[in-house]
Protein chains: 2
Amino acid sequence: MRETLHTALRKTAGAAPRISIERILHPRSLAVFGASDSKAKFGGRIIHHLVRHGFAGDIYPINLHRPEIVGRKAYPSIAAVPSAPDVAILAVPVSTLVQNLNEAAAAGVGCCVIISTGFAEAGDEGSSRQSELVEIAARTGMRIVGPNCMGIIVPHHHMTLCSSVVLETDKLRDGSIGLISQSGALMVSIFDRANDDGIGFRHCVSLGNQVDLEICDFIEYMAGDEQTSAICTYVEGLLDGPRFRRAAAACRAAGKPLFMVKTGRTEAGVRSARSHTASLAGSFESFAAICREEGVVLAQDPDDMVRAAHLLSLHRGCRAGGVAVLSTSGGGAGIASDRVTEIGLELATLTPETRERLGEILLPPQADNPVDLGGRKMPESTEIAGLATEILFGDARVGYGLGVLTSMPFFAVRSKLIGEAALASGKPCILVLTPGAAANTSRQILRDMGQFHVDRFEDALRVLSLIDTHLRLKEAALPAPIRPAGLPVAAPSPAAGSLTESEAKRMLAAYGLAVAREAVAETPDGAAQKAQEIGFPVVLKAVSRDIAHKSDVGAVSVGLASGEAVRKAAADMLVRLASSAPGARIEGFSIQEMVRGEAEVIIGVNNDPQFGPIVMVGLGGIAVEILHDVALAPAPLCMTRARAMIERLRSMPLLQGARGRPPLDIDAVADALVRLSWLAADLGPQLVDLEVNPLIVRKRGEGAVAVDGRGTIATT
Amino acid sequence: MRETLHTALRKTAGAAPRISIERILHPRSLAVFGASDSKAKFGGRIIHHLVRHGFAGDIYPINLHRPEIVGRKAYPSIAAVPSAPDVAILAVPVSTLVQNLNEAAAAGVGCCVIISTGFAEAGDEGSSRQSELVEIAARTGMRIVGPNCMGIIVPHHHMTLCSSVVLETDKLRDGSIGLISQSGALMVSIFDRANDDGIGFRHCVSLGNQVDLEICDFIEYMAGDEQTSAICTYVEGLLDGPRFRRAAAACRAAGKPLFMVKTGRTEAGVRSARSHTASLAGSFESFAAICREEGVVLAQDPDDMVRAAHLLSLHRGCRAGGVAVLSTSGGGAGIASDRVTEIGLELATLTPETRERLGEILLPPQADNPVDLGGRKMPESTEIAGLATEILFGDARVGYGLGVLTSMPFFAVRSKLIGEAALASGKPCILVLTPGAAANTSRQILRDMGQFHVDRFEDALRVLSLIDTHLRLKEAALPAPIRPAGLPVAAPSPAAGSLTESEAKRMLAAYGLAVAREAVAETPDGAAQKAQEIGFPVVLKAVSRDIAHKSDVGAVSVGLASGEAVRKAAADMLVRLASSAPGARIEGFSIQEMVRGEAEVIIGVNNDPQFGPIVMVGLGGIAVEILHDVALAPAPLCMTRARAMIERLRSMPLLQGARGRPPLDIDAVADALVRLSWLAADLGPQLVDLEVNPLIVRKRGEGAVAVDGRGTIATT
């Protein structure tokens, strides 16, 4: 909520920004508030790092008491600096921060990077303090990064605007990966780990509390920066959902992988549920659906995404495929193969030519994927290691290579040959070196040649999985959906509150969904009469906007075969509801045809506060309710996406005709999803949720019929 | 099959073993065939390692041409050695191996460890060569380890009977963990990795092709060895299932964790399925059920299990509990908390006292699990890191500690304080150091104090998960089940082949399962007559031992309300089956009462070739057939284990009464499982499979009724 307030303030009261993101990341001049000679102080470490790494622009140390800091002329205040610096960094006590900021704004500073803490992250008092920062940025147009951030590192510009001890290194490693992290400590830890892996960055930005510049400002910039090849982000909460979608789309359009570690995933289920859809389309699930749609790859671990970005940057033309496993021992090959399959990657099926060529150098059981180098035809020929790698990883069906190097004689020589062949394959390949110090020489050889390697199976598998996810999402990208012909021109405008079943079904019918024939009556006698018109057998339901789940309270009677049966069922129902749903207003009865079919599906839509309507599909019964086997995607949908959602369901084989069942009308389900999605898109923010449960699905070619519906319209 | 042959040979033709496992692992004297001065040769490296690491017994190099090797007197043949050595190691060409073995046997060698390759792993020729080794062992009583193994390492005995380069280290690290690996390359890689982690072993044994000594020989020994605290195993295939169960039980009885990495998991589903049960209770699933029953913890990665064994050995009294997360940054705490929950561990709920004590030093949002050390009340007090760790990890509800150290000022000092407090907690605690080289000083400090640490979140989580699994399986251990009263004294002795439904149900009824009332008729007219006796409505089924899944071919009609309806349905069915099940012999009709209930459950049993009858339970419909939501356990069962199986099902909430449904008779399902399990145990190897599908479950207290059954009896 705090964040929303800030966003609003920034948007409404904003003076024009003084400085571009490009200039913030490549400033000509820097001021350091609280500069010091002592590396025990934040401001001291920052200025030491700038000097050590050779920042080529002007550096203005600000210190009231000292004429010179680290050999540079110091100034008693920002006002005393000869010309307004592009960027200032403030690691000052929170008590003087606002004053310093106002001075910086007055002096014409383009952007302040605020390291200081004690704001929104520190409770209510800090939160009101944070509002003052928002106000300064909005009023003056001076940009702010932070507060509570760790600064910015731009290796190719020698700009180490950061106090972290990880900068106490001899050389900054330049690279093409952009890193944006809400957490400063993570940013520098990731930077340092990547440095050990031989991976460099183009820009590293820590965001902190995002009072002004937020993650999308930097994603947008990096999407447009020609030298950036991939973007990695760590996010706790997004400020602007639609902007994030646009920024992600820009990355995809520019051909740049966008990775994200998003925390707060497991709190997603906490929100109390208004309906099945609401409880299933909780916020993280919705966010994950948005990411899938926009090609954003969610990672569990920050270092994994950097490694995946690195390999994708090295091999930009690579394509999704199976994994080839090569090991120096049968045990390594066995473990890797099991795990490849278990995490959902595919073990590549080799072409006959590859198997034949492998068969020339390896014994028959080993001349296929996985390859066990232990099974050589001739004794101890080290060259075979490189040759087998070249043949295996070069197979046209192989997307990625996984080499498992357990302890072996001539470890270093063989590692070199395998590494060279892996690099030459032009595909993302990872070598796993499972021993400890015994493999250190090999590690150094591989590092020197630039062949990526890790110490553990799982590290390699997670990275390959991220790469595969990126490539498959890229292949699954679709153009914006086109509105189907024949939908209403004007969106419906239902009254606020719960919809009755009839109201919900009327809206669905208007959008072309098949709904069960229905008539409404006020009394048991009237119900019996309407049933004659529908034709027996019929279903009888109570009409009440106070009852969300009719079956649960006995508000549904099925298979009624005569007028008398309908009359009696209706009368009994009134008695029953008086105790099972006390206080519910019963507006009458709905009499419906009995729809028969082969399976029940639930489709629904839930309005995510950040991302708008999210459509859901799942099989009725335990699949949705207990096993949470559902698929989500943002509205509106095209048929291709709707079909892909259905295909993602684990229970999908039931619809396809598993175990001697007939294949069902999956296209009719997809069509219903598409129509529901457009209804939701047309209703926009007024729709809270809408659900068809069940949608009765018939055999292929025979359609699907909505027999119950419910929904909620927002009170504005 | 090969292995079974060897096992049989060994068992039937065996001379008494010459030497104990204890003596093989602690020999007084060693002979090295192919000994050499050159470290480029296997025999050269072995003798160098023995000398370097100070083996205190006699060493007899065998070399036809050299009088002295590495300063030791060499012998031209084993016959020339002055007294028979306890153990000989052979890394000789496969062409001379059998001769050397025979010479060793003649010389009275106790055990030969065979490094040479070219046996069963190398195809048919190697396989017949391997039979000769089996024969020598069986005939002479000389034991064999291998072939195709990497030898044995026993640090406390300074016995490095192994050619691997990982032994080129200054000091062997002694420890209390036993390691047994079918793969030699993995054994030495694990050994070397553990050495880097500061973890030592009591014995490391590589098994190779197991022509004589097999994994259970060593598990049994280590279970009884007082100095061994935990056992880690790498297994590709077990030779003797029942012996393995007994060995695992011995480990549990001795209070020793037994871990295993088992490959070949993903081939489990390949066996073509005879029935639901057969396809679900495939061999790896059966094996996993055995492991759960015996407390064996299955790991994905070999190093993980060694690390878990290490932590459990350090903290032998520790108990299962929640995870406490402590981090130096909010980002680290967030990632760790999400992942703890996602992998199925529990984030500990702290006691009010702990939260109060944390609140004295930390800001309110940080004074709970997870603890973010960034939220200190006072600025930059390093001591708080240790104090917060002590308070948090000391909480009575905390089972394990997870500390995430991202880059921070005063990294080394704080790491030391956190490490000391974690060690002092007496619980399994893992620190994750996410930066690269910037954390190296901290790594050294932690290594020196013996506090276990890793570089990556996932490494820590997998190890904690293994520890948690071990402790929970330990708590779930049950005594051998007691035969329920009232079961038949004599096991049934059905004829070989498929059972008809009636035959299956008669056996089930004899063991006390409730089965639907049933009558059998030969003709449609007879069926109509029997239906009158049962009472309408009835179910009509064709009787045929040629039809496994009756509904799939239209051999079932339900809800028949009159004699005429039964007659017509039976006549129609005959016509239908002529085309849907051509060639199936129809023996007649079964007429059954319509059993009504709230849910359908499948229970079954499948005879695993290694482990005997394995019982299965799952919910009918898509839960079992498509989502594979099943639970398995070896027969026979007690009620507690049967209930635990049902509780493991993901679809369990349906039985408990989710979403307004009535709670069902779970005890009746458990009782049916128990009775089925005893029937299976009594039938023994003659039973191939047996299945009740469905078992109709009624509301709590109202029972469960088997309405269909099928099974197969082995042809002997």
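Every read-out reported here was derived from the displayed coordinates using simple, explicitly stated rules and does not represent laboratory data. Not measured: the values here are computed from a predicted model. Reconstructed Cβ throughout: ideal geometry from the backbone, glycine too, with neighbour counts over all protein chains shown.
For a protection proxy built on the mean count of beta-carbon atoms within 10 angstrom, sort B:330-339, B:365-374 highest first, please.
B:330-339, B:365-374
Against the empirical curve 2.2 N^0.38 Å, the C-alpha radius of gyration of the stretch A:599-713 lands at a ratio of 1.00. Here the stretch A:317-475 carries DSSP beta bridges of which approximately 5% are antiparallel, counting only pairs with both residues inside.
If you only keep lysine pairs separated by 8 or more in sequence, or across chains, how many in the stretch B:2-238 come under 29 Å at the Cα atoms?
Details: B:39/B:73; B:39/B:171; B:41/B:73; B:41/B:171; B:73/B:171.
Pairs that pass both the separation and distance tests number 5.
Under 5 Å between amide hydrogens, built in the peptide plane, is the criterion, and for residue B:399 it picks out B:321, B:322, B:323, B:324 among residues at least 5 positions away or on other chains. Our summary gives chain A a relative contact order of 9 percent, counting only alpha carbon pairs under 8 angstrom and 6 or more residues apart.
Report, as an integer, the average count of C-beta atoms from other chains found within 10 Å of each Cβ along A:614-625. Mind dumping the intermediate values first?
Working: counts 0, 0, 0, 0, 0, 4, 0, 5, 13, 6, 0, 6.
Mean partner-chain Cβ count within 10 Å for A:614-625: 3.
Between amide H atoms placed 1.01 Å from N, distances below 5 Å from residue A:454 occur with A:431, A:432, A:433, all of them 5 or more places distant or on a separate chain.
Entry note, the stretch A:547-648: relative contact order of 16 percent, from Cα contacts under 8 Å with a spacing of 6+ residues. Helical content of the protein assembly as shown, expressed as a calculated mean residue ellipticity at 222 nm, amounts to -12000 deg cm²/dmol (DSSP H runs of 4 or more residues, -39,500 (n - 2.57) each, divided by residue number, nearest 500).
Percent antiparallel among DSSP beta bridges with both residues in the protein assembly as shown, to the nearest 5?
Working: 106 of 214 bridges.
DSSP beta bridges in the protein assembly as shown are roughly 50 percent antiparallel.
Helix A:42-52 against the longest principal axis of chain A: what's the angle in degrees, Cα atoms only, rounded to the nearest 10? Roughly 60 degrees, rounded to the nearest 10. Computed from the alpha carbon positions, the gyration tensor of the stretch A:1-145 leads to an equivalent ellipsoid with semi-axes of 26, 17, 13 Å, biggest first. Placing unit charges on the Cβ atoms only, positive for Lys and Arg and negative for Asp and Glu, gives chain A a dipole magnitude near 620 debye about its Cα centre.
Nearest 10 degrees, 0 to 90: what angle lies between the long axis of helix A:302-314 and the longest principal axis of chain A (Cα atoms)? Result, in degrees: 80.
Restricting the calculation to Cα atoms, every distinct pair contributes to the Kirkwood radius of the protein assembly as shown, found to be 35.7 Å. For chain A, the longest principal axis of the C-alpha atoms and the axis of helix A:457-475 are separated by about 60°. Shown in residue order for the stretch B:503-508 are the 3J(HN,Hα) couplings computed by the Karplus curve 6.51 cos²θ - 1.76 cosθ + 1.60 at θ = phi - 60°: 4, 4, 5, 5, 5, 5 Hz (x for Gly and Pro). With the simple spin-label model, which puts each label point 7 Å out from Cα in the Cβ direction, the residue B:568 to residue B:51 separation comes to 9.8 nm. Would you report the distance distribution of C-alpha pairs in the stretch B:517-593 as whole percents per 5 angstrom bin, up to the bin with the largest distance? Taking all Cα pairs of the stretch B:517-593, the binned fractions are 3, 20, 32, 25, 14, 5, 0 percent. Counting neighbouring beta carbons within 10 Å and listing from fewest to most, the residues B:547, B:534, B:231 come out as B:534, B:547, B:231. List the residues of the stretch B:493-528 whose backbone N lies under 13 Å from a point placed 7 Å from the Cα of residue B:714 along the Cα-to-Cβ direction. So the set is B:496-497. Chain B gives an Rg/Rh value of 1.07, both radii derived from C-alpha positions and Rh following Kirkwood. Taking a straight line from the alpha carbon of residue B:550, these lysines sit under 26 Å away, with near neighbours fewer than eight places off in the same chain left out: A:699, B:505, B:530, B:541, B:568.
Coupling constants for the stretch A:637-643 follow from the phi torsions by the Karplus curve (6.51 cos²θ - 1.76 cosθ + 1.60, θ = phi - 60°), and in residue order they are 10, 9, 4, 4, 5, 4, 5 Hz; glycine and proline get x. If a/c stays under 1.5 just call it rounded; otherwise compare a/b with b/c (prolate if a/b is bigger, oblate if not). Do that for the stretch B:192-238, with a ≥ b ≥ c from the square roots of the Cα gyration tensor eigenvalues. Here the stretch B:192-238 falls in the oblate category.
Counting Cβ atoms of other protein chains within 10 Å of each Cβ in A:402-410 and taking the mean gives 5. Counted by neighbouring Cβ atoms within 10 Å, the residues A:157, A:26, B:49 run from fewest to most as A:26, A:157, B:49. In the stretch A:377-419, whose amide N lies under 19 Å from the spot 7 Å out along Cα-to-Cβ of residue A:448? List them in ranges. Correct set: A:383, A:386, A:410-419. For the peptide A:648-655, the mean number of other protein chain Cβ atoms found within 10 angstrom of a residue's Cβ is 3. Label-to-label distance, residue A:496 versus residue A:576, with points set 7 angstrom from Cα along the beta-carbon direction: 3.5 nm. In order along the stretch A:529-541, phi translates into HN-Hα couplings of 5, 4, 4, 4, 5, 5, x, 7, x, 10, 10, 10, 10 Hz, rounded to whole numbers, per the Karplus curve 6.51 cos²θ - 1.76 cosθ + 1.60 with θ = phi - 60° and x for Gly and Pro. What is the stretch A:317-475 by shape, rounded, prolate or oblate, if you read a ≥ b ≥ c off the alpha carbon gyration tensor as root eigenvalues and call it rounded for a/c under 1.5, prolate for a/b larger than b/c, and oblate otherwise? Note, shape of the stretch A:317-475 comes out oblate. Extension gain, residue A:174 to residue A:532: 0.36 nm times the residue separation minus the Cα-Cα distance gives 120.9 nm. Residues whose amide H comes within less than 5 Å of that of residue B:594, counting only those at least five positions distant or on another chain, are B:539 (H built at 1.01 Å from N in the peptide plane).
Mind giving me the FRET efficiency for residue B:16 and residue B:106? R0 is 22 Å, r the Cβ-Cβ distance, nearest 0.05 is fine. Walk me through the numbers before you get to the answer.
Values: r = 17 Å, r/R0 = 0.77.
Taking R0 as 22 Å, the efficiency between residue B:16 and residue B:106 is 0.85.
Taken over the C-alpha atoms, the stretch A:645-716 has Rg and Dmax values of 14.4, 51 angstrom.
Neighbour counts of other C-beta atoms within 10 Å: give me A:500, B:96, A:716 arranged from fewest to most.
Working: A:500 22, B:96 14, A:716 6.
Lowest count first: A:716, B:96, A:500.
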